[in-house]
1. Can you give the helix-only mean residue ellipticity at 222 nm for the chain, where every DSSP H stretch with n ≥ 4 adds -39500 (n - 2.57) and the sum goes over all residues, rounded to the nearest 500 deg cm²/dmol?
2. Taking every alpha carbon pair in the range 303-359, what does the distance histogram look like in 10 angstrom bins from 0, in percent?
3. Report the antiparallel proportion of the DSSP beta bridges in the chain as a percent, rounded to a multiple of 5.
4. State, as an integer percentage, the relative contact order of the chain based on alpha-carbon contacts under 8 Å between residues 6 or more apart.
5. With every atom except the alpha carbons ignored, what do you get for Rg and Dmax of the range 1-108, in angstroms?
6. Would you report the distance distribution of C-alpha pairs in the chain as whole percents per 10 angstrom bin, up to the bin with the largest distance?
7. For the pair residue 289 and residue 306, how long in nm is the line joining their label points, each one 7 Å along Cα→Cβ?
8. What fraction of the DSSP beta bridges in the range 58-209 is antiparallel, stated in percent and rounded to the nearest 5?
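We did not get these values from a lab; they are worked out from the coordinates using the rules stated. Please read these numbers as outputs of a predicted model, since none were measured by experiment. Counting neighbours? That spans all protein chains shown, and the Cβs are built from the backbone with ideal geometry, glycine included.
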Ligand code: ARG
């Protein structure tokens, strides 16, 4: 009988497959693998077989897609959370949910240890370790790839020796993380920031050259800040994101090439594909211009930066995030309506917006027939508004 029980977040790739065996030996443990489907093709069909062949004592597979969208993606969308102004945080949002399931399964299985496949120089290790600690501080977290010091070649060697199934892919070796909200691609030839990402780095989006000449116009309907329909057709969140991602990707929308600041102090070149996220953030923001006051929009835009940072930095399970969410949630009461966007050769442009709760009043804005704005009242308004300026001018700036 093994001494310990470990629940390992398992993708089925080389690192986590090697980790199953490595943990079993190093920690004298039986290893339960946990694989979570976060959508976007994140789960491989042979994952159970691979886990068992790698030596797992039990395989748990969970469909986390609904929880992912409801509890992580949509709150971040409503907050307008986009890290460093470009990255809609797909990977960063997936990690706390995986941590949540790790803790849940560890508790169900009576395991005292959870494990993940992250290395020691990325953000993901921080997100896992901090989230697990937030949810159950008594659990120990191990990260084999942070400890074992094996090169990729040594891992392959280890796998071969232990009969762990391998599949060595041809082509550039990217490190890819995928979920419904986006694809994150790094390493390989992308490590040179002067080099244009090769087409093979992208799988969800077409190049501008390969995208259709004619634009695609679509209408997205939101209710209380979340998308509910496309072109009038009501859709469940998962299918809506998939469908929109398809349309945007075909038009080359959602490619992101960024040099970002990791939490561990490294600048790193990252390529992302987030077709649905790109469009939804843009459309929602357009709806907020119609339905929120200037002050709400202003404060939200400040909070969005903090929100994005805390998601990126692994602080999902904190009171600070709950408090930001409370403000954001309250602002969303009136963020309902429809936004029309044009997808065309890599760009997503808002070309129309409407809301039953719109604060835009044509009778106030118009320069034509039907103007109800009180022009004469502007005189008194400007007189009072300009009073401190006149006072300062006379007394301090000495301008007569
Ligand atoms: N840099 C991104 C982030 O920190 C993506 C990380 C992707 N992980 C991966 N294994 N490729 O959120």
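1. It comes out at -12000 deg cm²/dmol, rounded to the nearest 500.
2. In order of increasing distance, the bins hold 19, 29, 32, 20, 0 percent.
3. 65 percent
4. Numbers: 736 pairs, mean separation 69.9, N = 400.
Averaging sequence separation for qualifying contacts and normalising by length gives 17 percent for the chain.
5. Cα only, the range 1-108: 15.5, 51 Å (Rg, Dmax).
6. 5, 20, 27, 22, 13, 7, 4, 2, 1, 0
7. With each label placed 7 Å out from Cα toward Cβ, I get 2.6 nm.
8. Here the share of antiparallel DSSP bridges comes out near 65 percent.
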